[in-house]
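Every read-out reported here was derived from the displayed coordinates using simple, explicitly stated rules and does not represent laboratory data. Just so you know, these numbers come straight off a predicted model, no measurement behind them. Here the Cβ is made from the backbone with ideal geometry for all residues, glycine too, and neighbour counts use every protein chain on show.
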Amino acid sequence: MAKDRLDGLLVTSVDNYRYFAGIESNFGESLTRPWFLLIPASGEPLAIIPAIAEALIRDTWVSSVRSWPSPRPEDEGTTIVAEAIRALPRRYGRVAAEFGHETRLGIPVNQLNDISQKVSGVELVDGARLIWTLRMIKSDAEVGKIQQAIDIAGAVFTAVTDFVSIGDSERIIQRKFRVRLLEEGADQLPITICRSGRGGPDGITGAVRDRQLTEGDLLFIDTGTVFDSYFCDYDRNYRVGRVSDALLAAHERVWEANEVGLRAAVPGATAGSIFEQMAKALSSDDRELNSNGRMGHGLGLRVTEPPSVRLGDDTVLAPGMVLCIEPALEYEPGKIVLHEETVLITADGAKLLTVRAPRELPTIR
């Protein structure tokens, strides 16, 4: 905070509340009651929370708590928050909040405006750089939670060819996959993507359909499974019966590009340089690469976090970062192949947290 000339940091989002206070709660699913955590440049943080949550906060390391009887639409903690900001030791007259890159406020904009008006003389500024400087570097405990989420998903990915058959629909496959994730120990299943298509799916972000697997398809399954608030994020591909030579060639090319990305993810390299090396591996015949803007990202309390593996991202990799390396190729119009692995950046390079996808596509019959 001293480096950024800040007197404090105001936290309102679920993820950052979890990160700084160490709570586990689904309070973010309700938009009725806002939560605040005011972290001063020195001294103890102050939790400003609805009275219903006092017991939860008092079980954390945060000892200073103020509350109000919520819901109270006319003043949902606004007055208390403004008083607390005005009471901060003032050196710079600046308090940061979640205004910038890949952050979100957990309060209405109108409430933010009310708070700003009540703290005249204190400027509310963007704290995203400060937050991500901290969150991009994972502790051993955080890496352990991510690894557990990865292991849960990995056990189910390995079994896909045992419980999926030709004729199953995407909807049925997704349901089976989710059930097995829960049986393996997943806490939450916010993201499970299951898409298929002859030679490859035409998109990897849509909802499941009643489309049935047929000979010649590529089945794509991607999951953001959560264990103790931390995500995994990776995918696996499966050939359905006999597939085209063009698909097999594209799969080989993307698999090799992933190898390039894994080797490039070393301390001191930039996120953008990983993209460049994978793009070079994927390019052929002087055609422009269709990469949808990036080929990887950070991972942690969110399924995607900074940095982005894209051109122009100059974030320098450092030990403790967790990255998803994700080359993709639309090798024919409407036919996509994508591989995603997760690594921990160490002093010696990239350590795989996922079990490397097989070079040969597993077959569903």
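Values computed for the structure shown
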quantity	calculated
Loop chymotrypsin sites (Phe, Trp or Tyr not before Pro), the range 1-69, which have at most 16 other Cβ atoms in a 10 Å radius of their Cβ (DSSP)	W61
Approximate spin-label separation E184-Q117, in nm, with each point projected 7 Å along Cα-to-Cβ	5.2
Residue pairs, from the table K280/K335; K3/K138; K145/K176; K176/K280, whose Cα atoms sit over 29 Å apart	K176/K280
Packing-based order for 90-103, 198-211, using average beta carbon neighbours within 10 Å, highest first	90-103, 198-211
Inter-part distance where the range 175-195 and the range 28-84 are each reduced to a Cα centre, Å	33
Residue-by-residue Karplus 3J(HN,Hα) for the range 229-243, coefficients 6.51, -1.76, 1.60, Hz, glycine and proline x	6, 9, 8, 9, 7, 7, 10, 9, 10, 9, 7, 10, x, 7, 10
Spin-label model distance (nm) - R58 vs A141, 7 Å beyond Cα toward Cβ	2.2
Local electrostatic count, T225, Cβ distance below 11 Å [Lys/Arg +1, Asp/Glu -1]	-3
Cα→Cβ-extended label distance, 7 Å offset, between R356 and N110, nm	5.7
Extension gain, E29 back to E252 (0.36 nm per residue minus Cα-Cα distance, nm)	76.1 nm
Top of N16, N113, N237 by mean-square fluctuation, Gaussian network on the chain, Cα under 10 Å	N113
